[in-house]
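This report refers to the structure that appears directly beneath it.
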Amino acid sequence: MSQIDPTKPNLAETTGPTVSVVETEDAVARRAKEAYFTATQRQLIWARFKKNRTAMVAATILVALILMGLFAPFLSPYDPTVAGRDKDYLNGAPQIPKFCDHNGCSARPFIYGFKTERSPVNLRLVTTVDTEDRRYVQFFVTGDDYKLFGFIPGSLHLFGVDEGYIHLFGTDDTGKDIFSRTLHAIYTSLAVGTLGVLISFVLALIIGGVAGYFGGVTDGIIQMVTDAIRTIPIIPLFMAIAAFIPDTWSSEMRFFFISIIIGFINWPTLARRVRTHLLVERNQEYVLASQLCGAPAGHIIRRHLLPSFTSYIIVDLVISFPYIVLSETALSFIGLGLKDPVNSLGVMLQNTTSADVLLNYQWYFIPVFFFIALVLAFVFVGDGLRDAADPYAGQKK
């Protein structure tokens, strides 16, 4: 009988774990492959979208900006529509909270007070910082009344100071807090864009669906109307609309009117994409089966044709959103859109056109960075969704 040499490794002991590891890796690969082929379209799009780091970072920034806009009344310390809020700090520089200074450190953040004196040189009022006057920042303070989301009343604000006012982004020439105005401007611009996107989305689905499904003379007439709308110059159109809008209209009425007009002129592009897809899909066998079963045209378009490329419609909406925000901002910037006391990014950008602001009050440009971040976030998220809309692209079968 042969004896086992203790100095030599046991073959069974060495091969056993290796086989187990190989089997485990094969099982994991098999499960991953099964999960891929059994996943829904939404799951495949999300898995592909998560691999795009740029799109994920942009989505995080976009969600943060949207939340800042939605909760602007709570996050901002003051009502941004009240002119002369801090009449003693007009065109005031940003106040940055700090914990330490030459007098020592504090567990609570604080800002400095200020003194307003007349300069003996040019007799202009000059605001100087009083480093001996500490004003401590407080959280969850009671302040101006507001309605969150337009209908939830409240008066609690995220932060404030125990004495006077705090202006993280400074103040404008009327004493209004730029930080509060910026957050409310994000909400207004997003609301205008959302309303405009919804209007253009509904019109594009209806008009593009009818043109693509029926074709023929109906398609020809609709395409002539679509091409005519696409050739309308935007700026002269809005100049005419601005001349038509009465000065007696309230800010809310002007807001909804501008949103509706923007929505009515941005639907042709999506309508053409819907039409093109339906022209191809209307000859498929499942459409013929629905027709033979007696399903009406509206049912076939709504339940079968449009859901077949829902992901591409969503991508198109996300990509078109920043252009609608740009339209509102551009119109407000040239004085044809929203105006004070409505706070939008275009209205705030209009305040940066003065040479005095460019030379002396550079903090007026802080909302510009939020505007750039908002537009770029939408663009990168839209590009990421567009790449992920076809989950099978680039996959090895």
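The values are calculated or read from the model by the stated rules, or taken from the named source; none is laboratory data. From a predicted model like this one, the values you see are computed outputs, not experimental measurements. No Cβ is skipped: glycine too gets one built from the backbone with ideal geometry, and neighbour counts run over all protein chains shown. Ligands, DNA and RNA are excluded from the accessible area calculation, which covers all protein heavy atoms including side chains. Shrake-Rupley method; radii C 1.70, N 1.55, O 1.52, S 1.80 Å.
Worth a mention:
- Compactness relative to 2.2 N^0.38 Å, alpha carbon Rg of the stretch 121-261: 1.69
- Given 87/339; 115/147; 50/147, the pairs whose alpha carbons are separated by over 32 Å: 115/147; 50/147
- Viscosity 1.306 mPa s, temperature 10 °C, Stokes-Einstein D of the stretch 105-194 from Kirkwood C-alpha radius, µm²/s: 101
- Distance between modelled label sites at residue 88 and residue 358, nm, 7 Å Cα→Cβ extension: 3.5
- Packing order of peptides 95-103, 190-198, highest average first: 190-198, 95-103 (average count of other Cβ atoms within 10 Å over each peptide's residues).
- For the stretch 294-340, the per residue solvent-accessible surface stands at 43 Å², with DNA, RNA and ligands left out and a 1.4 Å probe.
- Volume per residue that the Cα convex hull of the stretch 40-155 spans, once the total is divided by residue count, Å³: 217
- Element breakdown for the stretch 168-275 at a 1.4 angstrom probe: carbon and sulfur atoms account for 73% of the accessible area.
- Here the convex hull built on the C-alpha positions of the stretch 41-98 has a volume of 154 cubic angstrom per residue.
- Working note: Cα atoms of the stretch 267-327, range along each principal axis, descending, whole Å: 47, 17, 17.
- Figure legend: label point modelled 7 angstrom from the Cα of residue 247 along Cα→Cβ; residues of the stretch 314-357 with amide N under 20 Å from it are 332-342.
- Full extension of the segment from residue 372 to residue 142, taken as 0.36 nm per residue of separation minus the current Cα-Cα distance, would add 79.6 nm.
- Extension gain, residue 297 back to residue 121 (0.36 nm per residue minus Cα-Cα distance, nm): 55.4 nm
- Equivalent-ellipsoid semi-axes of the stretch 210-315, from the Cα gyration tensor, Å, largest first: 36, 16, 12
- Efficiency of FRET from Cβ geometry, residue 339 and residue 273, R₀ 30 Å, rounded to 0.05: 0.30
- Projected area averaged over orientations for the stretch 279-363, convex hull of C-alpha atoms, nm²: 9.1
- Estimated FRET transfer efficiency (residue 174, residue 217; beta-carbon r; R0 56 Å; 0.05): 0.45
- Residue 235-residue 105 FRET efficiency (beta carbon distance; Förster radius 56 Å; 0.05 resolution): 0.50
- Plainly put, the stretch 256-397 has a radius of gyration that is 1.16 times its Kirkwood radius, both from alpha-carbon atoms, as the Rg/Rh ratio.
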